Amino acid sequence: MAVPMNLETLTIDGVRDAIAAKTSTATQIAQAHYDRIAAEDGKIHAYLALSNERALAQAAKIDALAAKGDPLPPLAGVPIAIKDVLTMKGSPATAGSKILEGYEPPYDCTAVARLEAAGAVLMGKLNCDEFAMGSSNENSAYGPVHNPRALDRVPGGSSGGSAAAVAAGFAVGTLGTDTGGSIRQPAAFCGVVGMLPTYSRVSRYGLIAFASSLDRIGPFTRTVRDTATMLQVTAGYDPLDATSSRHVVPDYVAATKKPVAGLTIGVPDEYFGEGLEPEIRAAVEKTIEQLKEQGCTIKRIGLPHTRYAVPTYYVVATAEASANLARFDGVRYGLRADDSTLSNMYRKTRDKGFGAEVKRRILLGTYVLSAGYYDAYYRKAQQVRMLLARDFMTAFADVDAIVTPMTPTPPFKIGEKSDDPLAMYLADIYTVAASLAGICGISVPCGQTTDKLPIGVQILGKHFGEETILQVAQAVEEGQQ
Amino acid sequence: MSENSISVTLDDVRRVAELANLDLTADEEPRMQRDLNNILGHIATLSELNTADVPPLAQVAEILGDQVKASAEALRPDEVRASLDRAVVMAEAPETDGVFFKVPKVIER
């Protein structure tokens, strides 16, 4: 490469500018990433599959555009990788599960297709917890991902590979999915930016469903501005997802350039209670202080049903999962275990194909939906979900954005919590309420612990309030420099 | 749902596993029983809330005004359109004759 690049700090604009100025080519940039993956991913395990052929064909197209001096699309030549629960034609989609081993979907996820249409070079598929169920990436059937900032620690989950790939310099941006925190928590654990768009903002077509009323696709990047660019490209109505919103897609990048002075920031007491590590509290409080110095009004607010969010989430999400995962039956694609009768074939296939956490959630979801329990669990949880949504809607009548810690603790050691599912679920305390309410959120790095582990701050916005939270996130990012 | 009434038995675990078409090993059953009881014990805290007058929220589109209109428009015109190629789809199947998915015998005689 003519000008050496630091792949750990490279941004979308950095790639486009280098290609436009002819100091590098899309092909060289893609190859430099593949070389780095080959050299380093053995110790991180972010990728499950590489898509060299598709990537290099696209890079060649971008280079031809640049050679002619044609205008470059917004993601021209930008290496982007995709969580393995999203489909990408020509590449496997295992969802981190043995039950989909060998499956190659014959179509592209809409968000993936939109990235490529905007010039992105699709590098490959990223490791994740099986069917996106987990908070540590230890539930992948293909082995855990190691946190690039501390190799003995988890990268978070379920989009652990997506966060780690950005942190390790294996891609400039990635797509993940967030059902109960699966973008925001790993972004915090790996020290990168990760965004949960409003429910229905980005089409779910091509997302292997976990919990359809909660599942969302969103970006991981190194900068807030890059997140805005990736959201810009992926957001908007899609005829292939009837739930996708026709709400206008504003200029998200422009929003990052607006000063935050005059905004009112809500700080909910419930997110600063017992269990929050002092170093994380201090970093988030310092971030809030910086926003105040930039002209924001800080307002203490209450989100009184917060403590019910985790139990509500684990009813709603598992109930939906038990229905969605019924499709994995060994008939149309993926694994089939042999047996002489159909019902035994179903059971053996699912026993062999699903890991322990997936089975646990299917059992729990089936239980809460089963005769005699539906009203006590599922209907009850849907009612509390309404209370949680109302908490946020009431708060957003008074504030423009809400700032909270992203996680109660820094990334934990691999193996530390893997034998205690309830302890793992309880760590989702700051993420699941926003998931249930359908509002948008973003995780931004806001410091480090004394052990040099990343700390993230969460900025939450009202439905379709992405511009405001990007604006605040940009201010937080600038406060770190 | 009260906190003391929650106790999933091994038989419950087996019944739910059967409903979900899951085959659990003898080792897995007591483990799943323990985990379900722990998690359901935590879920029982929801019974502290009086929700008698609260409507259930199944999907957030219900609380987003503009979404209601969108869902009414969700029906597409009834036109014949190209779909995925049969050969490509069937190539993913564990067992097929090229036209149908093949499965083991369903009816015993």
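Bear in mind that the values in this text are calculations on the coordinates, not laboratory data. These numbers were taken from a predicted model, which means no experiment stands behind them. So basically every Cβ, Gly included, is an ideal-geometry build from the backbone, and we count neighbours across all protein chains shown.
A few points about this structure:
- Counts of other chain beta carbons within 10 angstrom of each beta carbon in peptide A:364-373 average 4.
- Per-bin percent of Cα-Cα distances, segment A:12-255 [10 Å]: 9, 36, 39, 15, 2
- Cα→Cβ-extended label distance, 7 Å offset, between A:Asn52 and A:Lys22, nm: 2.9
- Eligible lysines near A:Lys98 by straight Cα distance, threshold 24 Å, same-chain separation 8 or greater: A:Lys43, A:Lys83, A:Lys89, A:Lys125, A:Lys348, A:Lys352, A:Lys359, A:Lys417, B:Lys102
- The alpha-carbon atoms of segment A:1-71, seen along their principal axes, cover 40, 24, 18 angstrom, with the largest extent given first.
- Theoretical gain in end-to-end length, A:Ser343 to A:Ile298 [0.36 nm per residue, Cα-Cα removed]: 10.3 nm
- If both residues of a DSSP beta bridge must be in segment A:12-255, then about 65% of such bridges are antiparallel.
- Between segment A:331-405 and segment A:127-156, the C-alpha centres lie 20 angstrom from each other.
- Net charge over other residues, Cβ less than 11 angstrom from the Cβ of A:Leu276 (K, R count +1; D, E count -1): -4
- Around A:Gly479: net Lys/Arg minus Asp/Glu count, Cβ-Cβ under 13 Å: -3
- Computed over the protein assembly as shown, the P(r) tail beyond 34 angstrom holds 39 percent of alpha carbon pairs.
- Ellipsoid fit via the Cα gyration tensor, segment A:275-314: semi-axes of 26, 15, 7 Å, each the root of five times an eigenvalue, largest first.
- Highest mean packing first, where packing is the average number of other Cβ atoms within 10 Å per residue, the peptides A:459-471, A:430-442, A:370-382, B:84-96 line up as A:430-442, A:459-471, A:370-382, B:84-96.
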